[in-house]
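Trainee: After the structure tokens below, expect a handful of questions from me.
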Amino acid sequence: MKCPFCGSFEGQVLDSRPIEHTSAIRRRRQCNQCNKRYTTFERPEEVSVMVIKSDSRRENFDRKKLWEGIARACEKRPVASETIDKIVSEVESELSDYIMEVPSSVIGEKILQKLLDIDAVAYIRFASVYNKFADIDAFMQELKKLKKEHDKKNKK
């Protein structure tokens, strides 16, 4: 592993532990050259899935793009980056049910369901982009639906 500080390939692993709910491993490393510590994450290489966009274009599934979209929705909200990692890993593992191609709408729905359980504001932010709300009425309709579900959940 190349040290991100000095570029040396001489280093050692200090600690390894699996990341909860994923197949990734977190490794704490130390460079033998500059003695600085850094963290790496290892995950098995997945078979590439093609995402079918709403305009019928196809592109490779991009974990980073998914993470950034969720992070944008969670910006300035009390949602930890570990929670975003967990959502992305869960969605990614759920996509293994699809062979070769998956519609982007399936990915969007999975993310919306997970965000709904975590943070209502992040859910609305993501839904506004995902559903391409055309006007205030569409936005209000989604808010009313969310409020109804929230009220139903709190009655239980």
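Trainee: If only one of GLU82, GLU94 is assigned to a helix (DSSP H, G or I), out of contact with any strand residue (DSSP E or B) (no Cβ under 8 Å at 6 or more places or on another chain), without any contact (Cβ under 8 Å) to a residue 60 or more places away in the chain and loosely packed, with under 13 Cβ neighbours inside 10 Å, which one is it?
Mentor: GLU82
Trainee: Hey, among the residues in the range 48-64 that are closer than 21 Å to ILE99 by Cβ and free of Cβ contacts under 8 Å to residues at least 24 places away in the same chain, which one's surrounded by the fewest Cβ atoms within 10 Å (Cβ to Cβ)?
Mentor: The extreme case among them is SER56.
Trainee: Step by step: first the residues of the range 122-141, then only those that are surrounded by fewer than 16 Cβ atoms within 10 Å (Cβ to Cβ) and under 23 Å from THR83 (Cβ atoms), then the one that is modelled with the lowest pLDDT. Which residue is that?
Mentor: Restricting to residues being surrounded by fewer than 16 Cβ atoms within 10 Å (Cβ to Cβ) and under 23 Å from THR83 (Cβ atoms), the top hit is ASN131.
Trainee: Further, regarding this structure: Could you tell me which residue of the range 78-133 is farthest from PRO44 (Cα to Cα), considering only residues that are within 10 Å of the chain's Cα centre (by Cα) and of a type in the set (Asp, Glu)?
Mentor: GLU82
Trainee: Further question: Provide a single number: the residues in the range 97-120 that are over 18 Å from ARG72 (Cβ atoms) and assigned to a loop (DSSP other than H, G, I, E, B).
Mentor: So the count comes out to 3.
The values are calculated or read from the model by the stated rules, or taken from the named source; none is laboratory data. Treat the numbers as computed from the prediction; the structure is a model and nothing was measured. Please note: Cβ atoms are built from the backbone with ideal geometry, for glycine as well, and neighbour counts cover all protein chains shown.
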